[in-house]
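Notes for the one structure printed next.
We did not get these values from a lab; they are worked out from the coordinates using the rules stated. In this text, all values refer to a predicted model and were calculated from it rather than measured experimentally. Here Cβ is always computed from backbone atoms with ideal geometry, including for glycine, and neighbour counts include all displayed protein chains.
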Amino acid sequence: MGTIFVDNLEPQSGTSLTLGASGDSISLASGATQSGFGKIGQVLNTVHNTQKSTTSTSYVDMGMSLAITPTSTSSKILVQVHLNGAFINTSSSEGIQTRLQVTPSGGSAATIAVYNGYGLQGEANSGSATISGSTLHSPSSTSEQTYKIQLRSKNGNTVILGQASWNIFNRARYPDNGMSRNARFVVRKKGTTISLFVNGTLRSTTPDCIFSGETEGIMYLGTRDNGQRAINGTLSNLDIWHLALTDEQIQSLGVA
């Protein structure tokens, strides 16, 4: 391996300079630094599995927060928020609202994003929603930045974040033509995603909001925990696997 010493590289023609060929890997030696190129400096995440309920129409803390310290004043912070299984105990289809706040070290809190929750179900006095959003923040500072989620009720009824007994079968009506027939349903938890397959075909997905690592929770089959939206049929041959099946393995199970 040889070494070439240069102070500057310029293209022979045009304004584009190519280093290496397709498939090559270009890396910096240990201890070396670079400038002028963008990079992902830090990746942080937090998971909050505790339910939070409120009837307040003013924002209250959910209890979910994360702190990060930018490496330079030009750093940009991409914040992605996924509030899984938000449950709205209200007849309004837009009963819950959340906001993302940031507080710099020694500074005051500021709102940088607002996320609305829209109901996915139409029963009286109940509805569910999944709230997510992405926000790019430019703090222009190297001070620690603390991001947190707050929630409020838009109409004064009870709203809950982190409802565990949410039913993804509401997302996939079967059969579509209203005719009665047998079907094989497979619910798979893989990573942070719940998927519903009907006769080997993927019908719906949702963030993990019914299996949150709890050891004493109750999983309801064929109905919601309040007895509503029960299936119009019977269940048989319940199988539970100790691992997440692949799409191909689920397809190989065939139809009912």
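The table below gives the values:
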{"item": "Exposure proxy ranking, count of Cβ atoms within 10 Å, fewest first, for Val198, Val43", "result": "Val43, Val198"}
{"item": "Positive minus negative residues near Val79 (Lys, Arg vs Asp, Glu; Cβ under 15 Å)", "result": "+2"}
